[in-house]
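Right, one structure below, let's go through it.
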Amino acid sequence: MTGGDLRRARLERGWSQRELARRAGLTHKAVQYWEAKPEVDPRAHAFKAIAAAFGWDAGEFPAYNARARGGLLVSGGAERVLAAFVSPPSAHIRENRSCRRVVCGAKTRRGTPCRAKSEPGRRRCRFHGGKSTGPRTPEGKARVAEAQRRRWALWRHERGDG
């Protein structure tokens with residue numbers, strides 16, 4: 001199910017976002033959030049409250065489980081609901097998991113793990129090496145090595161070491 005499906009169902013009943021939020025026991029910001037989602041997770045507490053406000057049985061909706069082969073888990077009589085309300089996960093998500101962003105986790109100066117998101121397809125954030133590529137060719141590596149030799153030679157000369 002998509003957020004657009006939730007919005008259509010709400011508008012069919014003539015409810016505003018605030019009215020749906022009141023009936024579900026949520027804030028209108030929560031309704032805005034779920035209506036903007038490209039893929040709604042039926043296991044979420046807020047979705048279950050929205051489904052109850054509509055009179056739907058949230059257990060009939062298939063749960064998207066990223067760990068279970070990246071597909072949809074269909075349970076009970078959900079096949080009829082699947083065709084009407086649920087869009088399959090996009091091919092981009094299924095085929096290109098390298099675009100995922102995870103929490104960096106690198107040790108910060110304070111000694112705590114970094115909480116920033118990594119760069120897409122990498123394990124570290126932009127502050128801890130996710131953006132750096134460095135030289136890749138032998139010519140580039142030689143150029144960097146020569147620049148470092150010159151820098152350290154200048155530092156030694158300024159310091160008086162010779």
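Could you compute how much accessible surface residue 16 exposes when probed at 1.4 Å, giving the result in Å² to the nearest 10?
The accessible area comes out at roughly 60 Å².
I'd like the trypsin sites (Lys or Arg not before Pro) in region 125-162 restricted to DSSP loop residues with at most 12 other Cβ atoms within 10 Å, sorted by number.
Of the trypsin sites (Lys or Arg not before Pro), the ones in loops of region 125-162 whose Cβ has at most 12 other Cβ atoms within 10 Å are 131, 136.
Excluding same-chain residues fewer than 8 positions from residue 48, which lysines have a Cα within less than 19 Å of its Cα?
29, 37
Tell me the accessible surface of residue 155 in square angstrom (1.4 angstrom probe, heavy atoms of protein chains only), to the nearest ten.
Approximately 110 Å² of residue 155 is accessible to the 1.4 Å probe.
In terms of Cα to Cα distance under 26 Å, which lysines are near enough to residue 107, apart from those fewer than 8 places away along the same chain?
117, 131
What figure in square angstrom, to the nearest 10, would you give for the accessible area of residue 11 with a 1.4 Å probe?
Approximately 90 Å² of residue 11 is accessible to the 1.4 Å probe.
The values are calculated or read from the model by the stated rules, or taken from the named source; none is laboratory data. Since the structure is predicted, the reported quantities are computational estimates derived from the model, not experimental observations. Glycine also receives a Cβ, built like all others from the backbone with ideal geometry; neighbour counts cover every protein chain displayed. The protein model used for the area step is the full one, side chains on, heavy atoms only, and it has no ligands, DNA or RNA in it. Shrake-Rupley method; radii C 1.70, N 1.55, O 1.52, S 1.80 Å.
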